[in-house]
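What follows is a set of notes on a single structure, which appears directly below.
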Amino acid sequence: MSRQEDILSTVRMFQEENLDVRTVTLGVNVTDCISSNVSRFCENLVKKIERIAGSLVPVCERISDRYGIPVVNKRLAISPIGSIAGQTDEAGFLQLAKALDKAAESVGVDLLGGFTALVQKGTTPTEARLMESLPEVLSQTDRVCASINVATSKAGINMDAILRLGHIIRRAAERSADQGGFACAKLCIFANMPEDNPFMAGAYLGFGEGEAVVNVGISGPGVVKRAIERLRAETPDLDLQMMASEIKQTAFRVTRVGELLGREVAQGVGAAFGGIDLSLAPTPKVGDSVGEILQAMGISRIGAPGSTAALAMLNDAVKKGGLFASSSVGGMSGAFIPVAEDSALAQAAAEGTLSIEKLEAMTSVCSVGLDMVCIPGDTDADTISALIADEMAIGVINNKTTATRLIPVPGKKPGQWVHWGGLFGASPIMAIRAPGASSGFVRCGGRIPAPVHSFKN
């Protein structure tokens, strides 16, 4: 492709194909805000976030206008609260969350992540209190997101934590019943949680990061879809290698755009540039869907045989193109398939071609598979825990990041819909096979040992 064609192609990506920078996430180290007095802790958090992040939104808007690159979300990620909260009780955690919500609103960001506990091998009393506070925290704040890492390939799977989380998710849904259980949409349960993830609800600033770090989440499902459609129209003898090459080249251009903007923002706010997350993150908007990419690849009904193979090829090609474009790649860097946030996936779930079991299979080749999955409101806690355990096992055994956002919608049955609007979209309630049949397993508790390949030193 000539330079002129390359420039025109990039312009078309913004004007016609829904290319955007999905999120610029500023990580802020808040370990120096710690105080044994919760009110003082809250005060310190607000002051530091306002000082470090006060310029983030204006800088993003200025750079976005300069280059004509839309930045959909501006977000914050902080040090994991569960690791720095000391003897804070449940009421104190709610107080901290409300202070963080206030700080996020003050600097104008959309969401704030870092209400996080790292419990992959064991749970401290402080982390237990944080988890128990989540139903109130998530239902009484607007912008605070929580994440819990319950498994790693090195440590195995903390089933005690997962068993506790089944009940917590149920309570969070009940506390936000008037919003269709929306509190659960702000809680992500992880295996192998990355420390530089810019996407919510799983963003936090790891302890190995700097004082202030900018991570960028790019997205371009619409761009990839249109590239495949053009290739099909222009190439009668198209094969899958040619398709993979086109996806790779498209991902390269998208990544270069994201890195340009990310480095500019980092310089503007006086922070280090962390990296680019190559994940394809959809929105409910038609034409901005990972599901539609699969359809363009030839899977006319998402969830049909071949869906996992197509997603694997897509994921690999995006990573190859992105890695060639940037040396600073991090986060999860894999396609997301959040059912409620992707209109094509939601429709496939409504039609019955896309089931929870198929989503689990697709998780083996992407990052977050049981994502924004709405289940019946009366689903028992043990079954929710079992669903989480399945997803964690895929991550641990395959040495990759996996995660869940499960939403039991109060009062809803399989086939009914819940509507949230905005980026969170709408979804049918998906049926669960044999609910309650896993209790004997998950109630054993303890820890599923790390797989044999974890022993690498």
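The values are calculated or read from the model by the stated rules, or taken from the named source; none is laboratory data. Keep in mind the model is a prediction, meaning the values are calculated, not measured. With ideal geometry, Cβ positions are generated from the backbone for all residues, glycine too; neighbour counts draw on all protein chains shown.
Of (1) within 21 Å of the chain's Cα centre (by Cα); (2) crowded, with 23+ Cβ neighbours inside 10 Å; (3) not aliphatic (A, V, I, L, M), F273 satisfies all except one. Which?
(2)
Each row is one residue, and each column tells you yes or no for (1) over 30 Å from I228 (Cα atoms); (2) at pLDDT below 90; (3) among the aliphatic types (A, V, I, L, M).
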residue: I7; (1), (2), (3): no, yes, yes
residue: M13; (1), (2), (3): no, yes, yes
residue: D20; (1), (2), (3): no, yes, no
residue: G27; (1), (2), (3): yes, no, no
residue: V30; (1), (2), (3): yes, no, yes
residue: S35; (1), (2), (3): yes, yes, no
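Does at least one position in segment 116-128 carry a residue that is surrounded by 23 or more Cβ atoms within 10 Å (Cβ to Cβ) and assigned to a loop (DSSP other than H, G, I, E, B)?
Yes: segment 116-128 contains one or more residues that are surrounded by 23 or more Cβ atoms within 10 Å (Cβ to Cβ) and assigned to a loop (DSSP other than H, G, I, E, B).
Has segment 374-389 got any residue that is under 29 Å from L314 (Cβ atoms), at pLDDT 90 or above and touching an Asp or Glu at 6+ places or on another chain (Cβ under 9 Å)?
Looking through segment 374-389, at least one residue is under 29 Å from L314 (Cβ atoms), at pLDDT 90 or above and touching an Asp or Glu at 6+ places or on another chain (Cβ under 9 Å).
Looking at segment 363-385, which of its residues are buried (at least 24 other Cβ atoms within 10 Å of the Cβ), among the aliphatic types (A, V, I, L, M) and part of a helix (DSSP H, G or I)?
I384
Search segment 284-303 for residues that are in contact (Cβ under 8 Å) with a residue 24 or more places away in the chain and closer than 16 Å to M243 by Cα and pair each with any residue that is surrounded by fewer than 23 Cβ atoms within 10 Å (Cβ to Cβ) and among the hydroxyl-bearing types (S, T, Y) when their beta-carbon atoms are under 9 Å apart and the residues are at least 6 apart or on different chains.
Hits for this filter: E292/S343.
Among what's in segment 230-269 and is among the acidic types (D, E) and more than 25 Å from the chain's Cα centre (by Cα), pick the residue that is farthest from R66 (Cα to Cα).
For segment 230-269, the residue satisfying everything is D237.
If I filter segment 231-246 for residues that are in a loop (DSSP other than H, G, I, E, B), of a type outside the set (D, E, K, R) and surrounded by 24 or more Cβ atoms within 10 Å (Cβ to Cβ), do I get at least one hit?
Scanning segment 231-246, I find no residue that is in a loop (DSSP other than H, G, I, E, B), of a type outside the set (D, E, K, R) and surrounded by 24 or more Cβ atoms within 10 Å (Cβ to Cβ), so the answer is no.
Restricting the search to segment 320-334, which residues are outside any loop (DSSP other than H, G, I, E, B) and either in contact with a strand residue (DSSP E or B) (Cβ under 7 Å, 6 or more places away or on another chain) or free of Cβ contacts under 8 Å to residues at least 40 places away in the same chain (or both)?
G322, L323, V329, G330, listed by residue number.
Filter segment 171-196 for residues that are charged (D, E, K, R) and surrounded by 23 or more Cβ atoms within 10 Å (Cβ to Cβ); which is modelled with the lowest pLDDT?
Here the answer is D196.
Here's the yes/no breakdown for (1) closer than 30 Å to V254 by Cβ; (2) of a type in the set (V, I, T); (3) not in a loop (DSSP other than H, G, I, E, B):
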position: V21; (1), (2), (3): yes, yes, yes
position: T25; (1), (2), (3): yes, yes, yes
position: D32; (1), (2), (3): no, no, yes
position: S36; (1), (2), (3): no, no, no
position: F41; (1), (2), (3): no, no, yes
position: K47; (1), (2), (3): no, no, yes
position: R51; (1), (2), (3): no, no, yes
position: V57; (1), (2), (3): yes, yes, yes
position: C60; (1), (2), (3): yes, no, yes
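Could you give me the residue pairs with C-beta distances under 6 Å whose first residue belongs to segment 227-247 and is under 11 Å from A317 (Cα atoms), whose second residue is surrounded by 12 or more Cβ atoms within 10 Å (Cβ to Cβ) wherever it lies, and which are 6+ apart or on separate chains?
Matching pairs, first to second residue: A244/M313; A244/A317; E246/A227; E246/L231; I247/V224; I247/A317.
Regarding segment 150-159, can at least one residue be identified that is in a helix (DSSP H, G or I) and crowded, with 20+ Cβ neighbours inside 10 Å?
Yes, segment 150-159 contains a residue that is in a helix (DSSP H, G or I) and crowded, with 20+ Cβ neighbours inside 10 Å.
One line per residue, one yes/no per condition, for (1) within 19 Å of M372 (Cβ to Cβ); (2) in a loop (DSSP other than H, G, I, E, B); (3) touching a helix residue (DSSP H, G or I) at 6+ places or on another chain (Cβ under 7 Å); (4) of a type outside the set (D, E):
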| position | (1), (2), (3), (4) |
| --- | --- |
| A304 | no, yes, no, yes |
| A309 | no, no, no, yes |
| N315 | yes, no, no, yes |
| V318 | no, no, yes, yes |
| E341 | yes, yes, yes, no |
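Among the residues in segment 203-213, are any outside any strand (DSSP E or B), without any contact (Cβ under 8 Å) to a residue 40 or more places away in the chain, among the hydrophobic types (A, V, I, L, M, F, W, C) and out of contact with any His (no Cβ under 6 Å at 6 or more places or on another chain)?
No, segment 203-213 contains no residue that is outside any strand (DSSP E or B), without any contact (Cβ under 8 Å) to a residue 40 or more places away in the chain, among the hydrophobic types (A, V, I, L, M, F, W, C) and out of contact with any His (no Cβ under 6 Å at 6 or more places or on another chain).
Pick out the one residue from A77, A104 that is crowded, with 19+ Cβ neighbours inside 10 Å and either free of Cβ contacts under 8 Å to residues at least 40 places away in the same chain or part of a strand (DSSP E or B) (or both).
A77
Could you give every pair whose Cβ atoms fall below 6 Å, whose first residue belongs to segment 34-61 and is in contact (Cβ under 8 Å) with a residue 12 or more places away in the chain, and whose second residue is assigned to a helix (DSSP H, G or I) and surrounded by fewer than 14 Cβ atoms within 10 Å (Cβ to Cβ), counting only separations of at least 6 or pairs across chains?
So the pair list comes out as E50/S106.
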